[in-house]
Amino acid sequence: MFRVRVHKIESIRDLDGNLGKRIELIEDRHVPRFVVRPQTEEAKVVQDVLQAVQQQMPMFQGRTEFAVPKIILFLTEQEYESLSIDFDVNQVYEIVLENEAIRFRKVP
């Protein structure tokens, strides 16, 4: 079992011109942060200032997630409907591979 997050959904046409969807699922896992202890007083001041800036401006925060492409689905509209899953961007699913089948379970 592993977790994936819907990264991207695009409309596509297959070789016959039929409408469909391209659904990109990326592996969803967290990478632990490494804590760096500054050696000098100046480095400690710089680290404190950077932490204060990151707290005030979220755009400067480092990402704590590591995403690896895992599955890309190319489905016609008919195949997408028969799958009976409404994929939404950023929705997380648990994937179970067993008995020659792939099962998706939405993570609340």
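All of the numbers you see were taken from the coordinates with simple rules; none came from a lab. Nothing here was measured: the structure is a model prediction, and the numbers come from that model. With ideal geometry, Cβ positions are generated from the backbone for all residues, glycine too; neighbour counts draw on all protein chains shown.
Per 0.36 nm of contour for each residue apart, how much would the distance between E10 and K70 grow if the chain were fully extended, relative to their Cα-Cα spacing?
Values: separation 60, 0.36 × 60 = 21.60 nm, distance 1.66 nm.
Extra length from E10 to K70 when fully extended: 19.9 nm.
Modelled label-to-label distance, L19 and I95, 7 Å Cα→beta-carbon offset: nm?
2.7
How about K106: which lysines have a C-alpha closer than 29 Å to its C-alpha, ignoring those fewer than 8 places off in the same chain?
K8, K21, K70
Please give me the summed charge of the neighbours of N90: other residues whose Cβ is under 11 Å from its Cβ, Lys and Arg +1, Asp and Glu -1.
Residues near N90 contribute 0 overall.
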